Amino acid sequence: MGSPANLQYTSEHEWVLVDGDIATIGITQYAADQLGDVVFIELPGVGTAVASGAVVGEIESTKSVGELFAPVSGTVVDVNQTVVDTPELVNSAPFGAGWLIKVRYDALPDLLEAAAYDALIAE
């Protein structure tokens with residue numbers, strides 16, 4: 001099963017859905033599977049300035065703790081409080097209800113298309 005074609009991806013296993021000047025960001029199914037059962041998520045607050053490539057949060061699972069990197073620079077305009085309260089949503093619906101943050105971005109960096117991301121995780 002391939003990654004959703006309507007999204008763009010980073011090599012750090014985040015996905016980005018662009019809608020106007022808002023980027024919705026989450027982690028991929030591959031990342032969720034690698035982490036195992038997610039038990040805790042820490043996200044930046046609304047109004048936080050984020051820089052592309054910088055750590056903006058943490059995802060803790062029964063196996064490990066992983067960092068969440070910002071794929072875009074801008075300002076956080078929404079945080080998925082549901083996923084903070086129910087972190088297992090990242091495992092069950094990483095491309096849907098398990099989204100993490102929305103950022104009003106300044107510029108969109110080069111991101112991977114679905115086929116390129118699928119090739120990356122197949123290596």
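The values are calculated or read from the model by the stated rules, or taken from the named source; none is laboratory data. Bear in mind the structure is a predicted one, so any value in this text is a computation, not a measurement. Every residue, glycine as well, gets a Cβ built from its backbone with ideal geometry; the counts of neighbours run over all protein chains shown.
Yes or no: ALA32 farther than 18 Å from PRO109 by Cβ, buried (at least 20 other Cβ atoms within 10 Å of the Cβ) and either free of Cβ contacts under 8 Å to residues at least 12 places away in the same chain or in contact with a Pro (Cβ under 8 Å, 6 or more places away or on another chain) (or both)?
yes
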Inter-residue pairs, beta-carbon under 8 Å, first free of Cβ contacts under 8 Å to residues at least 40 places away in the same chain and in the stretch 61-88, second hydroxyl-bearing (Ser, Thr, Tyr), 6+ apart: SER73/SER52; SER73/TYR105; THR75/THR48; VAL76/THR48
Conditions (1) at pLDDT 95 or above; (2) closer than 17 Å to THR10 by Cα; number of the one not met by GLN34: (1)
Residue list for the stretch 35-54, restricted to those being within 18 Å of ASP106 (Cβ to Cβ) and in a strand (DSSP E or B): ALA49, VAL50
Close pairs from the stretch 100-123: first in contact (Cβ under 8 Å) with a residue 24 or more places away in the chain and under 19 Å from GLY66 (Cβ atoms), partner assigned to a helix (DSSP H, G or I) and aromatic (Phe, Trp, Tyr), Cβ under 6 Å, at least 6 apart: ILE121/TYR30
Matching option when the condition is among the hydrophobic types (A, V, I, L, M, F, W, C), surrounded by 13 or more Cβ atoms within 10 Å (Cβ to Cβ), within 15 Å of the chain's Cα centre (by Cα) and closer than 27 Å to GLY20 by Cα, among VAL38, VAL55, VAL90: VAL90
Matching residues in the stretch 61-87 - criterion: being within 14 Å of the chain's Cα centre (by Cα) and buried (at least 16 other Cβ atoms within 10 Å of the Cβ): GLY66, LEU68, PHE69, ALA70, PRO71, VAL72, SER73, VAL76, VAL79, ASN80, VAL83, PRO87
Qualifying residue in the stretch 59-77 (condition: at positive phi and in a strand (DSSP E or B)): yes
Tally, over the stretch 95-105, of residues that are surrounded by 17 or more Cβ atoms within 10 Å (Cβ to Cβ) and not hydrophobic (A, V, I, L, M, F, W, C): 3
Qualifying residue in the stretch 79-93 (condition: in contact with a Lys or Arg (Cβ under 9 Å, 6 or more places away or on another chain) and within 12 Å of ILE25 (Cα to Cα)): yes
Filter pass, LEU108 being surrounded by 15 or more Cβ atoms within 10 Å (Cβ to Cβ) and modelled with pLDDT of 95 or more: no
